[in-house]
Amino acid sequence: MNLQNWRFHITGIVQGVGFRPTVYLLAQDHHLTGWVINTTQGVEIEIHGSEQDCAAFTQRLRDNPPALSRVDSFVFFPAPLQVFEEFTIRESENRPEDFLPVSPDLAICPDCKAELFNPDDRRYRYPFINCTHCGPRFSIVRDIPYDRANTSMASFPLCPDCAAEYHNPANRRFHAQPVACPVCGPQIWYEQAGLRTCTGEQALQTARGNLREGKILAVKGLGGFHLACDAHNALAVQTLRERKHRTGKPFALMAFSLEAVEEYVRLSEQERKLLTSPQAPIVLAEIVGAGRELALIVAPDRTRLGFMLPYTPLHLLLLEPEPGFPDVLVMTSGNLSEEPLAYRDEEARQRLAPLADAFLMHDRPIHMRVDDSVVTALRDQPYLVRRARGYAPGQMKIPRAEEPILGTGTQLKNTFCLARDRYAFVSHFIGDLENQETLDSFEQAARHYEKLFRIHPQALACDLHPDYLATRYAQARSQKQNLPLIQVQHHHAHLAACLAENAWESSEPVIGLIFDGTGYGTDGSIWGGEILIGGYQGFQRRFHLLPVRLPGGDLAVCKPARTALSWLAAAGMSAEDYNLPPARALSKEERAVVQAQLESGFNAPLTSSMGRLFDAVASILGLCHEISYEAQAAITLESAADPDEQSAYSILLQNGVIDPREMLRELVGDLRSGLNVPRIAARFHNSITALSVQACQIIREESGLRHVAISGGVWQNMRLMRTLLPALEAEKFIPLYHHALPTNDACVSLGQVMVALHALREI
């Protein structure tokens, strides 16, 4: 027999996902001896056996790794002949400067769910049941390697039964770091007015009774607290809105099963897969049937509802169907609007006591707060709106970073990005950096990522905007640590992020359709309707939206009626003379102030923002004159659009300017002639698609470029994306768009890093 030794180095998401037990069982199947070990770089294996068995082991492991793993590299080579008595799983190795990816938190798996509701199982109705295929990961890990001692489960010593499972390679709970049971693990309790009144099953039933009665419950979950109430109870939902200071923004919903969700929304096959996936995000889906009634309460003026399924055993028990119990719960982030998610017990008691009538608590510490992810489906793939639980942290391969670097992101929908070697780590969703609490959350998360991934930044990248807190953080850190700082134009960063996601390594430029609400331009004005030519090294602003005044600055962002008056004036029209809705939405006095600002330019900065054009059209059509959350007007406009309308208005492209004034005159003409608002809204959307394709055609005639990068918050509009992509492809363009990160500002930190890396190479 030809006996051999083979060594393996495997990297990627290969810890906390059952990789070592899979290797162990494969080795047993093929009569191999040797060992497997977790290192801070991944997994290392050595096998000893016949050439045939070694080859069969390799083939099976490479072709069928654990379902939850993600293998980035799979390297094997002959090793010096050495005989082992058996195949063993060695203790994890920790080399201080090495790093490896950390698995995201994962939804409860089917096996654990079956055990949860099995009266004969020792974990029957235990709210913290998990195994190597599911449960907390990122939210509990303090350091790597991913071992129990490095998690917030370290304070829960294993009982003999759990220890036997934990140490048995043939058991699916082998080295499942959060493994626990009612004897040795975390417990739940019910708390009201600061007093713990009951525990265990009684606590659960008391909490369910609160929800049945229309009360608001604070629920400690996986990555933080939720605020929950009966989604059908209008009074409860309105009370939650008032307490949370969330006047119009939709609430996320949770239902017990897929069948329950389909009572309210129409699900495609991809949307079903997303809801039931290990990531278990909130999925935005089209309203049907009873969903219309529900939407009036939880999602006014929306055609889609955001649903998720219970992703922890506690959520399953809380939503267990029972006569008289709500089939759908509001399950929204446990915070006051604009504040970060509450995740520590005492913090939650202080911050959520004015919002919740009672608390359902547990004693498993959350080390890192993580919001729920939000996705929709585009071309049978997830299209992220908010990337957090289930998806973060994650890494992307990039061209080699000679120096470790931190990109601090933007003001809204902030993320940061750390890069070293050939990997970039984009953080989970942090939020809007508009207060000290969220900035503190940003700094805490950055420290954690730097520690977890062994990244000590030697350079920094940030936005051009001087007033962004993320920019000020980067500037202060640059000065304090004497680190080089690269400031990156906002829309250039969008372009670079899209390229990086699509593994673009060419020096050839691409066309960039970068449409959003706000970005600080190189000329000091507010950009946002940009068609660029460029790559990581630089960009040219080939087309931009006609700049108009933003009367009142940020006030106009909150009051689309103001922006509407500005655009109407630019098109030679008066809202008053034409008796248009924006005139009726503002008082005579406010209209006079707006007019003065437009004439003088005082407190009325110029903007080329495409997002503001959407706002203006929404107001002109009478759909939205004042917003309570970002992009409300644009979302309302998208929801109103007739899906069958094919016509479009005229938008001129000349001298590098996108000029929509003729479009606005045609749109107002349609409105005054009595054409219904859904058709007009649809024609506007079709016009944006048409101008985008036309601009790309002009650029291709000039340069021959065919690749089109699509980024910016405007492209979260699904009507636009579902018309733009086929329209570009029909004209033989190759569209590049986001698939791993949101297209909004959450992707910008990655783009900052990519631009900065290229800039540093030239210094």
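Odds and ends about this structure:
- Qualifying lysines (Cα of each under 20 Å from Cα of Lys273; at least 8 residues distant if same chain): Lys113
- For segment 151-236, the C-alpha radius of gyration divided by 2.2 N^0.38 Å, with N the number of residues, is 1.42.
- The alpha-carbon positions of segment 667-763 define a convex hull whose volume is 147 Å³ per residue.
- Each peptide in 365-371, 532-538, 107-113 receives the mean, over its residues, of other Cβ atoms within 10 Å, and ordering these scores from highest gives 365-371, 532-538, 107-113.
- Each pair of Cα atoms in segment 1-160 enters the Kirkwood radius, and Stokes-Einstein at 4 °C and 1.567 mPa s then converts it into a translational diffusion coefficient of 76 µm²/s.
- Cα-based shape type of segment 444-501, given that a ≥ b ≥ c are square roots of the gyration tensor eigenvalues and the cut on a/c is 1.5: oblate
- Alpha carbon convex hull of segment 550-693, volume per residue in cubic angstrom: 105
- Karplus (6.51, -1.76, 1.60) ³J(HN,Hα), θ = phi - 60°, over segment 719-735, in Hz, Gly and Pro reported as x: 4, 4, 5, 6, 9, 5, 4, x, 5, 5, 5, 4, 9, 6, 8, 10, x
- Packing order of peptides 630-638, 459-467, 408-416, highest average first: 408-416, 630-638, 459-467 (average count of other Cβ atoms within 10 Å over each peptide's residues).
- Percent of Cα-Cα distances greater than 52 Å, calculated over the chain: 15
- A helix-only calculation puts the chain at -10500 deg cm²/dmol for mean residue ellipticity at 222 nm, using -39500 (n - 2.57) for each DSSP H run of at least four residues, averaged over all residues.
- GluC sites (Glu not before Pro) lying in DSSP loop within segment 446-543, provided at most 13 other Cβ fall within 10 Å: Glu505
- Ratio Rg/Rh, restricted to segment 488-532 and using Cα atoms, in which Rh is the Kirkwood radius: 0.99
- For the pair segment 332-359 / segment 732-749, the C-alpha centres are spaced 33 Å from each other.
- Sorted from longest to shortest, the spans of the Cα atoms of segment 199-253 along the three principal axes equal 36, 26, 17 Å.
- The loop-placed trypsin sites (Lys or Arg not before Pro) in segment 670-742, going by DSSP, that have at most 13 neighbouring Cβ atoms within 10 Å of their Cβ come out as Lys732.
- Sites matching GluC sites (Glu not before Pro) across segment 93-199 that sit in DSSP coil, with at most 15 neighbouring C-beta atoms within 10 Å: Glu93, Glu97
- The chain, dipole about Cα centre (Lys/Arg Cβ +1, Asp/Glu Cβ -1), debye to the nearest 20: 520
- Diffusion coefficient of segment 176-285 by Stokes-Einstein, Kirkwood radius over Cα pairs, 37 °C, 0.692 mPa s: 199 µm²/s.
- For segment 254-335, fraction of C-alpha pairs farther apart than 19 Å, in %: 34
- Note: relative contact order over the chain, using C-alpha pairs below 8 Å and six or more positions apart, is 11 percent.
- Over segment 481-616, the reciprocal of the mean inverse Cα-Cα separation, the Kirkwood hydrodynamic radius, stands at 16.4 Å.
- Value in Å of the Kirkwood radius, where segment 312-460 supplies the Cα pairs that are averaged: 17.6
- Pairs from Lys451/Lys480; Lys215/Lys559; Lys249/Lys413; Lys215/Lys249; Lys559/Lys588 whose Cα-Cα separation, in the structure shown, is over 24 Å: Lys215/Lys559
- Segment 606-611 - phi-based ³J(HN,Hα) in whole Hz, Karplus 6.51/-1.76/1.60, Gly and Pro as x: 6, 9, 10, 5, 6, x
- Base-10 log of normalised Debye intensity for segment 378-480 (one unit scatterer per alpha-carbon) at q = 0.17, 0.21, 0.23 Å⁻¹: -0.79, -1.15, -1.32
- Averaging Cα coordinates gives a centre for segment 98-128 and one for segment 228-284; these two points are 23 Å apart.
- Couplings 3J(HN,Hα) for segment 261-272, derived from phi with the Karplus relation 6.51 cos²θ - 1.76 cosθ + 1.60 (θ = phi - 60°), are 4, 6, 6, 10, 9, 8, 10, 6, 4, 5, 5, 4 Hz, where x marks Gly and Pro.
- Rounded if a/c under 1.5, otherwise prolate or oblate - segment 228-298, Cα gyration tensor axes: prolate
- Summary of the geometry: segment 495-537 and segment 142-212, compared by the centres of their Cα atoms, lie 46 Å apart.
Computed from the coordinates by the stated procedures, all read-outs in this text should not be read as laboratory data. Note that the coordinates shown come from a computational prediction; the quantities given were computed from them, not determined experimentally. We place every Cβ from the backbone using ideal geometry, glycine too, and count neighbours over all the protein chains shown.
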